[in-house]
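The values are calculated or read from the model by the stated rules, or taken from the named source; none is laboratory data. Remember, predicted model here, so these are calculated numbers, not experimental data. Positions of Cβ are backbone-derived with ideal geometry, glycine not excepted, and every protein chain shown enters the neighbour counts. Side chains included, ligands, DNA and RNA excluded: accessible areas come from the protein's heavy atoms. Shrake-Rupley method; radii C 1.70, N 1.55, O 1.52, S 1.80 Å.
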Amino acid sequence: MAPISGPHFIIFPFMSQGHTIPLLYLGRLLRRRSIAVTIFTTAGNSPSIRAILQETDINLVELPFPKEIESVPPGVENTDKLPSMASFLPFAIATKNMQHDFEAAIQNLQPASCLISDTFLGWTQQSAEKFGIPRLVFSGMGIFSTTMCHILSRDRPHAGTVSPDSPFFIPDFPQLKLTRNDFDPPFGEIEPTGEWVDFMVVQILAMAKSHGLVVNSFYELESSYVDYWNQKMGPKAWCVGPLCSAKPPSIASVEKPLYMEWLDEKSAKGVPVLYVSFGTQAEVSEEQLHEIAKGLEKSQVSFLWVLRSKGVEYLQGVENRGLIVKEWVDQMEILQHKAVKGFLSHCGWNSVMESLSANVPILAFPMMAEQHLNARLVAEEIGVGFRIMPSNGSVRGFVAAK
Ligand code: UDP
Ligand code: UDP
């Protein structure tokens with residue numbers, strides 16, 4: 001790496017696609033402003049990171065990934081390759097074993113002006129303090145969902161609810177009617193205990209000591225929640241998104257993928273296409289996938305479905321109107337294609353930001369994490385989509401094709 005004269009930012013993303021990709025875009029934005037950038041990752045993750053960065057003068061440092069983690073197969077260094085979400089927590093906890101190597105590597109770098117690291121890498125707060133570097137936390141979430149999770153932890157407005165579907169009232173946001181089922185454990189639990197709680201408490205305490213948050217959102221989208229966070233919660237959040245606007249264009253020399261040609265054909269015939277994807281983490285039951293296929297078939301809409309779930313080899317009725325893709329796609333490029341007129345999405349926060357940026361309305365089908373809150377934001381707060389609801393009266397449950 002060439003000697004650095006100006007500011008130097010260290011970025012340490014968590015090893016999940018949805019947490020890494022936006023921070024790579026942020027790295028590119030910083031670089032554009034002549035800030036030196038060093039990104040920390042592991043050997044297993046660096047090829048996909050290099051492919052996204054497409055830039056030679058962002059410094060990439062590889063640390064060894066911890067070995068022998070319970071329930072994590074050897075060689076798995078990204079949560080999208082975990083055999084099940086049950087291994088997510090052991091994976092996240094084990095990253096702390098990288099602290100020694102991380103600090104040794106920082107010592108060999110030019111002094112850093114700032115560390116941007118993921119909320120799940122709360123241990124990096126200690127490293128930042130040791131080296132006197134301010135740390136900014138990145139969580140991959142929007143500020144509405146972040147604020148709601150923190151309100152539940154701080155004020156426990158859900159404590160008196162009799163059922164997970166009973167609405168509760170948040171005094172500072174009287175227009176909201178949330179239920180415990182809008183939250184994944186541990187946030188929605190009345191008496192949260194267990195390893196997830198212990199883990200989250202450590203990350204939240206580390207965040208409280210940090211210099212602030214960088215959020216992949218923009219002020220106008222969630223302004224009342226940004227103001228609330230900055231006035232009543234903190235540490236201060238800076239909305240620096242949508243980060244997907246800093247995505248590099250696809251490499252022109254690379255052959256056009258078949259799914260893009262398929263989209264070209266559809267737009268030439270004036271056929272609108274629904275893009276369907278549930279992200280890189282959600283585990284959708286086989287029964288639910290078949291029901292979605294049935295619904296798509298009945299709707300008679302043309303669809304491009306990126307199906308990363310394992311185990312589903314054949315979905316009845318899709319071959320006439322739909323294309324199923326199992327490889328990694330360029331989602332942003334798909335959303336920007338003129339044939340794509342809607343996005344059936346699990347509402348992972350990156351997908352929401354990408355869909356908004358591409359001006360594609362969302363059909364919200366949340367699955368896990370903070371996706372139910374994102375779906376509320378999409379359908380109820382900003383009104384850029386509709387919500388698919390299960391018929392059991394809850395926000396969670398099996399959705400049947402009608
Ligand atoms: N603001 C904004 N984006 C943000 C946060 C705040 O546009 O991410 C606006 C908001 O209207 C706020 C004003 O900027 O009232 C000033 O924000 P703040 O005092 O938090 O920031 P400062 O400029 O003082 O650091
Ligand atoms: N993504 C992609 N190609 C794929 C699958 C996912 O480019 O085949 C990207 C997508 O554009 C988004 C990220 O991976 O930037 C997924 O993040 P999101 O928050 O939407 O969902 P998660 O996978 O974290 O649930």
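Report, by chain and number, residues whose modeled amide H sits under 5 Å from the one on ILE39, excluding near sequence neighbours (fewer than 5 apart, same chain).
ILE11, ASN59, LEU60, VAL61
Full-extension gain between ASP80 and SER166, please, as 0.36 nm times their residue separation minus the C-alpha to C-alpha distance.
Details: separation 86, 0.36 × 86 = 30.96 nm, distance 3.31 nm.
Taking 0.36 nm per residue and subtracting the Cα distance, the gain is 27.7 nm.
By per-residue mean of other Cβ atoms within 10 Å, what is the highest-first order of 193-203, 296-306?
Details: 193-203: 14.8, 296-306: 18.0.
Going from most to least packed, we get 296-306, 193-203.
Can you tell me, using C-alpha contacts under 8 Å and at least 6 residues apart, the relative contact order of the stretch 1-145 as a whole percent?
Working: 206 pairs, mean separation 38.8, N = 145.
Result for the stretch 1-145 is 27 percent.
Students sometimes get this wrong: rank LYS341, LYS247, LYS402, LYS67 by accessible area, probe 1.4 Å, all chains present, largest first.
Working: LYS341 125, LYS247 50, LYS402 200, LYS67 160 Å².
Per-residue accessible area, sorted high to low, gives LYS402, LYS67, LYS341, LYS247.
Expected output is a single nm value to one decimal: the length gained when fully extending between LEU29 and SER253, i.e. 0.36 nm times separation in residues minus the C-alpha distance. What is it?
Numbers: separation 224, 0.36 × 224 = 80.64 nm, distance 2.40 nm.
Length gained between LEU29 and SER253: 78.2 nm.
Is the chain rounded, prolate or oblate when judged by the Cα gyration tensor, a ≥ b ≥ c being the square roots of its eigenvalues, rounded requiring a/c under 1.5 and prolate requiring a/b larger than b/c? Walk me through the numbers on the way to the answer.
Working: a/c = 1.62, a/b = 1.19, b/c = 1.36.
In terms of gyration-tensor shape, oblate.
Under 5 Å between amide H atoms, partner at least 5 residues away or on a different chain: which partners does GLY385 have, H built in plane at 1.01 Å?
Sorted by chain and number, the residues that satisfy this are ILE362.
Obtain the nm distance between the two label points defined at GLU70 and TYR219 by a simple spin-label model: each point lies 7 Å from its Cα along the Cα-to-C-beta direction.
About 4.7 nm separates the two model spin labels.
Under the rule a/c < 1.5 gives rounded, and otherwise a/b versus b/c splits prolate from oblate, where does the stretch 36-110 land using the Cα gyration tensor? Please report the intermediate quantities before stating the final value.
Numbers: a/c = 2.95, a/b = 1.49, b/c = 1.98.
In terms of gyration-tensor shape, oblate.
Starting from the Cα gyration tensor of the stretch 85-238, take the square roots of the eigenvalues, sort them a ≥ b ≥ c, and report rounded, prolate or oblate (rounded when a/c is under 1.5, otherwise prolate if a/b is larger than b/c, else oblate).
On the way: a/c = 2.77, a/b = 1.57, b/c = 1.77.
Oblate, since a/c reaches 1.5 and b/c is not below a/b.
Taking θ as phi - 60°, what are the ³J(HN,Hα) couplings along the stretch 177-185 by the Karplus curve (6.51, -1.76, 1.60), each to the nearest whole Hz, with x for Gly and Pro?
10, 9, 10, 4, 6, 6, 10, 7, x
Could you list, in their original order, any pairs among LYS236/LYS326; LYS247/LYS294; LYS294/LYS326; LYS177/LYS266; LYS294/LYS341 whose Cα atoms are separated by more than 29 Å? Mind dumping the intermediate values first?
On the way: LYS236/LYS326 40 Å; LYS247/LYS294 34 Å; LYS294/LYS326 19 Å; LYS177/LYS266 41 Å; LYS294/LYS341 20 Å.
Pairs exceeding 29 Å: LYS236/LYS326; LYS247/LYS294; LYS177/LYS266.
Apply the Karplus curve 6.51 cos²θ - 1.76 cosθ + 1.60, θ = phi - 60°, to the phi angles in the stretch 75-83 and return the couplings in whole Hz, x for Gly and Pro.
x, 7, 10, 9, 5, 6, 9, 5, x
Please give the residues of the stretch 29-57, grouped as numeric ranges, whose backbone N is less than 18 Å from a label point set 7 Å along the Cα-to-Cβ vector of ALA105.
Residues 36-57 qualify, since their backbone N sits under 18 Å from the label point.
Express in whole angstrom the spacing between the alpha-carbon centres of the stretch 235-255 and the stretch 130-155.
21 Å
Give the relative contact order (percent, whole number) for the chain; include only Cα pairs under 8 Å separated by 6+ residues. Don't jump to the answer; show the numbers that get you there.
Values: 659 pairs, mean separation 53.9, N = 402.
About 13 percent, as a whole number.
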